[in-house]
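The values are calculated or read from the model by the stated rules, or taken from the named source; none is laboratory data. Here the structure is a predicted model, which is why all the values come from computation and not from measurement. Ideal geometry is used to build each Cβ from the backbone, glycine not excepted, and the neighbour counts take in all protein chains shown. For accessibility, only protein heavy atoms count, side chains too; no ligands or nucleic acids. Shrake-Rupley method; radii C 1.70, N 1.55, O 1.52, S 1.80 Å.
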Amino acid sequence: MLRRVGETIDPKDAMVKIKDASFPAPFASELEYNSPVHGNWNIVHTGMQLPESIQIYVCADNCMRGVVLTAAEMNAADRFSFVIVEEQNILNGNLEDITIEGVTDVLKKRDDHPKAVLLFTVCLHHFVGSNLDYIYSELEKRFPDICFIRCYMDPIMQKHGLTPDQKLRKAMYDPLIECKPYDKTVSVLGSDFALDESSDIKRLLKKYNYRIFELPKCKNWQDMMEMSKGKLFINCYPAGKYGMETQARRLGRECLYLPGSFDYDEIEEQLKKLTDTLGLPELTEDERKQERQSCEQALAKAKDLIKDMPITLDYLYHPRPLGLAKLLITHGFCVKSVYLDAINPEEKDDFIWLQKHAPELELIATIQVKMRVLPRGGSEEVLAIGQKAAYFSKSRHFVNLVQGEGLYGFDGIRRTTELMMDAYLKEKDTQKLVIQKGWGCECCL
């Protein structure tokens, strides 16, 4: 983006007061800017959760650079292979053969066979109408001991229908087998992070001696297959909802979508859904009161420390940024802005509430092209919740966590306040931290 020397950039189209914002798209969909904040997980990080598996990407070398670097940066290059597609392969119309023979060559060169191969086909396969059923069936004939999982790296589909991320979070559980479920077992599907041991769901289930299966906790293929035996499937992360529901239908399991929330009433409703589904006693009035009081005390303690320091937060910290903004504002915190590019439909009520009670709250885009050149930071230090909020506000006092991590329920609220207090007291090297891909992954940088 070119600009004249000394020219002042108008923030219009990249910033809007929430009172003037449109739901669910406060900003126009146009040319996009990619900031150097890379703590969010991409399809490579997510796919690496599957134990005893490798990933094979079949695409042109210009698209391959990003995924190759991701695998290398997370010290997982030994579980990553690729097949380069060249122009002649498209012109000659033999992309099926290139894919099959390329994958075959990769597997024959390995010393051992993995339990599963996450095979990623790409936009080119869609453009030329490749017969994906033929590709997978032929590979399954050649390597009957390997589970081939259908994955997609097709960003051209990103704005319509299911995203590559949603498809992957479904495909990773395709190997789960039909079987009789275990009593007192729950499988949590679709998240990159295991729930905190202190989270409301885990505390409740452990109280009644339930076993909990989670992919991030699986150490080998057999652990992964144990997830088939969960009597109830749960999902807490929006991008995994489709996959969880699809697998529940396929395997004949009950399922619950229990997204993380910062609203007391919604948290209680979700916990009641869980206890009702499992036939467990619901939380007593005293237990609910105690949970709420504990959150109130944690919020009050954080407010006493942070006082009126301006706060900015982003969607990368948690899928419910407006819900978090509402919680903080109702408890006296000075929330100035929220960084997001679209509004989660699940947050419509929070959006309406904020329009009425915090009309001057700023919504700021992260991918709008002006964000590349608009001034970052201000005259005063802010407390940032999330990596993108920290980067754009140039804050060294920030909560470094992505995608909700293991936060859930009342415990998630309390943990958020603890992280905020820690961020207030301790500075971080923002520029160094936010460029590392895949927060929480091993990194060789």
Inset, instruction - May I ask you to list the residues in region 144-156 that are touching a helix residue (DSSP H, G or I) at 6+ places or on another chain (Cβ under 6 Å) and either closer than 18 Å to LEU107 by Cα or at pLDDT 95 or above (or both)? - result: PHE148, ILE149, ARG150, CYS151
Legend entry - Unmet requirement for GLN88, which otherwise passes all of (1) touching a Cys at 6+ places or on another chain (Cβ under 6 Å); (2) open to solvent by 10 Å² or more (accessible area, probe 1.4 Å): (1)
Legend entry - Members of region 421-445 found to be in contact with a Phe, Trp or Tyr (Cβ under 9 Å, 6 or more places away or on another chain) and either aromatic (Phe, Trp, Tyr) or assigned to a helix (DSSP H, G or I) (or both), listed by number: ALA423, THR430, GLN431, LEU433, VAL434, TRP439
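Tell me which residues, restricted to region 220-237, are surrounded by fewer than 19 Cβ atoms within 10 Å (Cβ to Cβ) and within 20 Å of LYS202 (Cα to Cα). Walk me through it before giving the result.
Start the filter on region 220-237 by keeping residues that are surrounded by fewer than 19 Cβ atoms within 10 Å (Cβ to Cβ), which leaves 220-223, 225-226, 231.
Answer for region 220-237, where residues must be surrounded by fewer than 19 Cβ atoms within 10 Å (Cβ to Cβ) and within 20 Å of LYS202 (Cα to Cα): ASP223, GLU226, LYS231.
If you take the residues in region 1-54 that are assigned to a loop (DSSP other than H, G, I, E, B) and β-branched (Val, Ile, Thr), which one is modelled with the highest pLDDT?
Here is the first cut: in region 1-54, the residues assigned to a loop (DSSP other than H, G, I, E, B) are 1-11, 13-14, 21-31, 33-42, 48-52.
Remaining after also requiring β-branched (Val, Ile, Thr): 5, 8-9, 37.
On the way: VAL5: 54, THR8: 72, ILE9: 79, VAL37: 96.
Restricting to residues being assigned to a loop (DSSP other than H, G, I, E, B) and β-branched (Val, Ile, Thr), the top hit is VAL37.
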Legend entry - Test result for ASP10, at negative phi, open to solvent by 70 Å² or more (accessible area, probe 1.4 Å) and touching a Lys or Arg at 6+ places or on another chain (Cβ under 9 Å): yes
Inset, instruction - Return the only residue of GLU254, GLU266 being buried (at least 17 other Cβ atoms within 10 Å of the Cβ) and of a type in the set (Asp, Glu). - result: GLU266
Inset, instruction - Give the number of residues within region 320-343 that are under 21 Å from MET371 (Cβ atoms) and either part of a loop (DSSP other than H, G, I, E, B) or of a type in the set (Lys, Arg) (or both). - result: 5
Legend entry - Count of residues meeting criterion [open to solvent by less than 90 Å² (accessible area, probe 1.4 Å) and outside any helix (DSSP H, G or I)] in region 283-311: 5
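Suppose the filter is crowded, with 23+ Cβ neighbours inside 10 Å and assigned to a loop (DSSP other than H, G, I, E, B); does TYR173 pass it?
Values: crowded, with 23+ Cβ neighbours inside 10 Å: yes; assigned to a loop (DSSP other than H, G, I, E, B): yes.
So TYR173 passes the test.
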Legend entry - Given (1) farther than 30 Å from ASP78 by Cα; (2) part of a loop (DSSP other than H, G, I, E, B), index of the condition ARG415 fails: (2)
Inset, instruction - Report, by residue number, each residue of region 358-401 that is part of a loop (DSSP other than H, G, I, E, B), open to solvent by 10 Å² or more (accessible area, probe 1.4 Å) and hydroxyl-bearing (Ser, Thr, Tyr). - result: SER379
Inset, instruction - Test each condition in (1) more than 10 Å from VAL58 (Cα to Cα); (2) at pLDDT 85 or above for ASN89 and report the one that comes out false. - result: (2)
Inset, instruction - Please indicate, with yes or no, whether at least one residue in region 234-246 is in contact (Cβ under 8 Å) with a residue 60 or more places away in the chain, touching an Asp or Glu at 6+ places or on another chain (Cβ under 9 Å), more than 30 Å from MET48 (Cβ to Cβ) and assigned to a helix (DSSP H, G or I). - result: no
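Looking at region 55-84 only, could you name the residues that are over 27 Å from GLN431 (Cα atoms) and either among the aliphatic types (A, V, I, L, M) or assigned to a helix (DSSP H, G or I) (or both)?
Step one: filter region 55-84 for residues over 27 Å from GLN431 (Cα atoms), giving 55-61, 78-84.
Selection gives ILE56, VAL58, ALA60, ASP61, ASP78, ARG79, VAL83, ILE84.
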